[in-house]
1. Residues R71, R60: which one is closer than 15 Å to A2 by Cβ, assigned to a helix (DSSP H, G or I), out of contact with any Gly (no Cβ under 6 Å at 6 or more places or on another chain) and in contact (Cβ under 8 Å) with a residue 24 or more places away in the chain?
2. Would you point out the residue of region 125-153, among those that are more than 27 Å from L217 (Cβ to Cβ) and of a type in the set (S, T, Y), that is surrounded by the fewest Cβ atoms within 10 Å (Cβ to Cβ)?
3. Does E17 qualify as being assigned to a loop (DSSP other than H, G, I, E, B) and either under 24 Å from the mean Cα position of the chain (by Cα) or of a type in the set (A, V, I, L, M) (or both)?
4. I'd like the residue in region 325-349 that is closer than 19 Å to T240 by Cα and without any contact (Cβ under 8 Å) to a residue 40 or more places away in the chain and, out of all such residues, is nearest to the chain's Cα centre (by Cα).
5. I'm checking my understanding of the structure. Among residues of region 200-222 that are surrounded by 17 or more Cβ atoms within 10 Å (Cβ to Cβ) and touching a Pro at 6+ places or on another chain (Cβ under 9 Å), which one is nearest to V351 (Cα to Cα)?
6. Got a number for residues in region 78-117 being of a type in the set (A, V, I, L, M, F, W, C) and in a helix (DSSP H, G or I)?
7. Which residue is nearest to F260 (Cα to Cα), if the candidates are limited to region 213-248 and must be touching a residue at least 60 places away in the same chain (Cβ under 8 Å) and in a loop (DSSP other than H, G, I, E, B)?
8. Can P88 be described as surrounded by 13 or more Cβ atoms within 10 Å (Cβ to Cβ) and either on the phi < 0 side of the Ramachandran plot or of a type outside the set (V, I, T) (or both)?
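The values are calculated or read from the model by the stated rules, or taken from the named source; none is laboratory data. Note that the coordinates shown come from a computational prediction; the quantities given were computed from them, not determined experimentally. So basically every Cβ, Gly included, is an ideal-geometry build from the backbone, and we count neighbours across all protein chains shown.
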Amino acid sequence: MARGDLTDAAFEAWLTESDAAAAPGTSFFDTQLGFAVRRWCPPLLDLEPHAPPRRYLDRRRELGAAEANRRLLGATGIGAYVVDTGLPGDLTTPQELAAAGGGVPCHEIVRLESLTEGLADRADGTAAFLDALDRAVADAARTAVGFKSLAAYRHGLDLPPERPRPAEVRVAADRWLVTRAPGERLTDPVLLRHLLWSAAGTGLPLQIHTGFGDPDLRLRRSDPLLLTDFVRAVRPTGCTVVLLHCYPYHRGAAYLAAVFPHVYADVGLTLAHTGARAGAVLAEMLELTPFGKLLFSTDAYGLAELYVVGAELFRRALVGLVTEWVREGAWPAGDAERVAALIAADNARRVYGLKTADGHPDTTR
């Protein structure tokens, strides 16, 4: 989460994937996500549902960021956090986030591109850089519960599926290190493939961003179906591939999860951004996704409100769908609660190998 109190503009910037301010005369509060924040968050800060943005933001500052965050996170029902630690900005650490949420467990997801860029900034030649990268991935695998790739942003998912040869990797790394400016992002397709395959060899789950995001990506190149050949090629490694977000290609992600045993789909930020339509989108994901292959997460960061909205919209969408399908006789009543528990937490527990101090699985974000 962002540290400290936020200006109105800074708060509103977290309500969108855009990298720009809202168009003149408009507001990002006037979106499905903005309306969801106004519905579910004000009562947690002693206001009525749908409080006007100005009143809500004033009340948030009156309480102070620490108290507002404590109240908001405490109401989510989240029992553990699985956190991507490669996000930019002045954000709380995973430990600080867990403390604000009541001391729940926190687990790390390592962002491959951020890891690589940090090493490149300190690299002393190509050979040393590649050796350091191999060690860093191996070291991260000892403490993290998974890796994440942003290849969709940096190049697109239309990458050759096979593992690049060592000679290709050396040439690409040498070229990148010579030409890059300090802090420059990794976009080289050979090195992106190398990262995917390096993570696949660790035995940990590999999250891959698919579907919509900020303007850095080209949406048509983030379709998870572009990963079909990679998914097929990586299967012998035993790597579990988790397709994040997926919208508006969520039906394609559902297909991949249905036909490949090592592929899972994660609702991610989709439900928060579709707001009042979250139930319809979740129903579409459940058309093909096996019930043991769909994961819940919020993809929240920046605002505690996004954890509230992500959890609340997911919970209500799932309960509404399950209740309707049981009432219609489409689902057996005896299985409905079990399947809901799978999607809400148990699938993520199994995929990420999460355990509590007493040996029982955690619930996740």
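1. Details: R71 fails: closer than 15 Å to A2 by Cβ.
Going through R71, R60 in turn, just one is closer than 15 Å to A2 by Cβ, assigned to a helix (DSSP H, G or I), out of contact with any Gly (no Cβ under 6 Å at 6 or more places or on another chain) and in contact (Cβ under 8 Å) with a residue 24 or more places away in the chain: R60.
2. Taking the candidates together, the pick is T143.
3. Details: assigned to a loop (DSSP other than H, G, I, E, B): yes; either under 24 Å from the mean Cα position of the chain (by Cα) or of a type in the set (A, V, I, L, M) (or both): yes.
Yes: the conditions hold for E17.
4. Pass one, region 325-349, residues closer than 19 Å to T240 by Cα: 342-349.
With without any contact (Cβ under 8 Å) to a residue 40 or more places away in the chain added as a condition, the list becomes 346, 349.
On the way: D346: 17, R349: 16 Å.
Restricting to residues being closer than 19 Å to T240 by Cα and without any contact (Cβ under 8 Å) to a residue 40 or more places away in the chain, the top hit is R349.
5. I208
6. Quick first cut of region 78-117, residues of a type in the set (A, V, I, L, M, F, W, C) only: 78, 80, 82-83, 87, 91, 97-100, 104, 106, 109-110, 112, 115.
Within this subset, residues satisfying the condition of being in a helix (DSSP H, G or I) are 97-100, 112, 115.
Going through region 78-117 one residue at a time, the tally reaches 6.
7. Filtering region 213-248 for residues that are touching a residue at least 60 places away in the same chain (Cβ under 8 Å) and in a loop (DSSP other than H, G, I, E, B), the one nearest to F260 (Cα to Cα) comes out as T240.
8. Working: surrounded by 13 or more Cβ atoms within 10 Å (Cβ to Cβ): no; either on the phi < 0 side of the Ramachandran plot or of a type outside the set (V, I, T) (or both): yes.
Here the answer is no, as P88 does not meet what is asked.
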